Amino acid sequence: MTTTPSLPLDRVVSARTAVFVVFALAGVAFATWASRIADAKAGLDLSAGQLGATLFAMSAGSMLAMPSTGRLADRFGVVPTIRVGMVIGVVGFAIVGAGVDLAESRLVVGLGLFLIGSGVGVWDVAMNLEGASVERLLGTTVMPQFHAAFSGGTVVSALIGSGMSWASVPLLPHLLGSALLVTAGGFWAMRSFLPREVEHEPTSTADAPVSGVRAPATRSAWLEPRTLLIGLVTLVAAFTEGTANDWLAVAFVEGHELPAWAGVLAFATFLSFMTIGRLLGTRWLDTYGRVPVLRLTFALAVLGSVLVIFGNAWLAFLGAAVWGVGVSLGFPVGMSASADDPARAGARMSVVATIGYLAFIAGPPALGFLGDHVGVLRSLLAVGTMALLVQLILESVREPARAVTTAEAEPAQRRG
């Protein structure tokens with residue numbers, strides 16, 4: 001077997017640290033806007049329906065940008081692609097802030113959100129590609145930890161946004177200032193990303209087709225059954241996570257008749273245990289493999305949702321914690337699985353990310369429709385149903401034959 005000896009282990013470790021930073025900054029950028037949505041709604045005097053339609057512009061931007069991101073990263077490199085996404089996002093944040101504070105125009109805000117969604121979508125796929133390359137070179141699972149960094153960034157940014165809202169800071173200086181700082185930090189961190197020439201290099205012959213000849217890259221990844229199945233696994237994971245993000249607090253308030261602060265506490269419990277699951281899950285994945293671990297975690301998501309729906313208040317809080325652990329690994333494992341073959345990583349990850357993000361578009365209105373008919377709490381049964389059904393296709397994310405990696409090859413080279 002061959003390796004990539006030209007890249008020292010400490011260089012890969014530096015790239016790993018840089019990816020952590022970029023994921024955390026992406027979380028900061030996302031929560032910067034999310035933390036001020038209520039202020040934007042009040043400033044523009046929007047109804048719930050008008051706000052929902054306006055927010056759709058952000059999702060639409062992401063969905064349109066993601067499918068082509070892999071090709072851009074393959075052609076120009078990950079770093080230039082992320083930089084373009086960051087710059088588009090800065091422009092979008094400026095337009096949103098101006099649309100609320102100056103123009104007081106829902107149309108202007110929608111345009112800005114479309115640009116934010118486009119920029120963040122490009123950034124999201126490209127940083128996951130870099131994370132997959134680092135993970136492959138290290139020979140150990142780290143993608144869930146990158147996503148944990150994203151979660152940590154959202155928590156910090158949400159706390160800052162809460163303080164900004166409390167202090168009545170206008171949206172324009174908050175959004176634009178945060179976007180500029182995030183972009184500057186991202187440009188600095190990306191200096192330590194992997195060199196362009198090793199982004200898509202295989203770490204061993206196990207990454208190549210059995211024939212020894214790389215498969216042609218002309219076939220669309222949208223026509224590959226395994227890629228589509230990985231996308232469905234990722235979609236279920238995103239739906240299971242996104243449902244909790246959107247509806248868990250409401251379900252505790254309306255379904256269990258608890259005060260609003262208790263609903264927020266339940267949501268915070270979910271986020272905390274999801275982050276813990278991502279930090280601890282890397283060892284589980286390396287020890288037992290993707291498929292057994294995902295079978296267990298999706299089963300935990302079913303158990304957690306059942307406890308939330310049918311338990312008393314105390315069991316429901318326990319359910320929120322179990323649900324958080326259960327949902328923690330599905331999305332990052334889907335990203336890793338889509339990049340198992342470095343030669344096709346860009347195209348396949350774009351497809352998987354696009355399918356996965358459909359859940360963030362379709363999930364909230366679907367749960368809202370069910371909630372109108374059976375109540376918000378009982379509508380969460382959809383989570384358990386999908387988490388059960390996904391067990392049928394989890395074989396699609398199974399890892400390829402284990403390869404000799406940079407992390408393992410360097411000590412052998414030193415001994416030689």
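The values are calculated or read from the model by the stated rules, or taken from the named source; none is laboratory data. These numbers were taken from a predicted model, which means no experiment stands behind them. Here Cβ is always computed from backbone atoms with ideal geometry, including for glycine, and neighbour counts include all displayed protein chains.
Observations
- Any chance Gly43 is in contact (Cβ under 8 Å) with a residue 60 or more places away in the chain, at negative phi and within 19 Å of the chain's Cα centre (by Cα): no
- Every condition in (1) modelled with pLDDT of 90 or more; (2) more than 18 Å from the chain's Cα centre (by Cα) is met by Leu329 except one, and the failing one is (2).
- Within the set Thr141, Thr69, the sole residue that is assigned by TED's automatic domain parsing to the domain that holds Ala179, at pLDDT below 90, buried (at least 24 other Cβ atoms within 10 Å of the Cβ) and hydroxyl-bearing (Ser, Thr, Tyr) turns out to be Thr69.
- Boolean, Leu113 is of a type in the set (A, V, I, L, M), farther than 26 Å from Gly185 by Cβ and either touching a residue at least 24 places away in the same chain (Cβ under 8 Å) or crowded, with 24+ Cβ neighbours inside 10 Å (or both): no
- When segment 148-195 is filtered for residues that are outside any helix (DSSP H, G or I) and either in contact with a Gly (Cβ under 7 Å, 6 or more places away or on another chain) or closer than 27 Å to Ala126 by Cα (or both), the ones remaining, listed by number, are Phe193, Leu194, Pro195.
Per-residue answers, yes or no, for (1) among the small types (Gly, Ala, Ser); (2) over 20 Å from the mean Cα position of the chain (by Cα):
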{"residue": "Ser151", "(1), (2)": "yes, no"}
{"residue": "Thr154", "(1), (2)": "no, no"}
{"residue": "Ser157", "(1), (2)": "yes, no"}
{"residue": "Ile160", "(1), (2)": "no, yes"}
{"residue": "Ser165", "(1), (2)": "yes, yes"}
{"residue": "His174", "(1), (2)": "no, yes"}
{"residue": "Leu181", "(1), (2)": "no, yes"}
{"residue": "Gly185", "(1), (2)": "yes, no"}
{"residue": "Met190", "(1), (2)": "no, no"}
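- Checking each residue in segment 178-198 for being within 19 Å of Gly119 (Cα to Cα), small (Gly, Ala, Ser) and in contact with a helix residue (DSSP H, G or I) (Cβ under 9 Å, 6 or more places away or on another chain) picks out Ser178, Ala179, Gly185, Gly186, Ala189.
- Residue identified as surrounded by fewer than 15 Cβ atoms within 10 Å (Cβ to Cβ), in the same structural domain as Leu377 (by TED's automatic domain parsing) and either among the aromatic types (Phe, Trp, Tyr) or touching a residue at least 24 places away in the same chain (Cβ under 8 Å) (or both) among Trp247, Trp261, Trp284: Trp261
- Top-ranked residue of segment 16-45 - restricted to ones that are of a type in the set (Lys, Arg) and farther than 17 Å from Gly177 by Cα, ranked as surrounded by the fewest Cβ atoms within 10 Å (Cβ to Cβ): Lys41
- Taking segment 341-416 and the helices (runs of 4 or more DSSP H) fully enclosed by it, the elements with 1 or more residues that are among the acidic types (Asp, Glu) and modelled with pLDDT of 70 or more are at 345-374.
- Restricting segment 157-177 to residues that are aliphatic (A, V, I, L, M) and at pLDDT 85 or above, the residue that is surrounded by the fewest Cβ atoms within 10 Å (Cβ to Cβ) is Ala167.
- Taking segment 59-79 as the range and being closer than 12 Å to Glu130 by Cα and in a helix (DSSP H, G or I) as the test, the residues that pass are Gly70, Ala73, Asp74, Val78, Val79.
- Of all residues in segment 93-110, those being touching a residue at least 60 places away in the same chain (Cβ under 8 Å) and in a helix (DSSP H, G or I) number 9.
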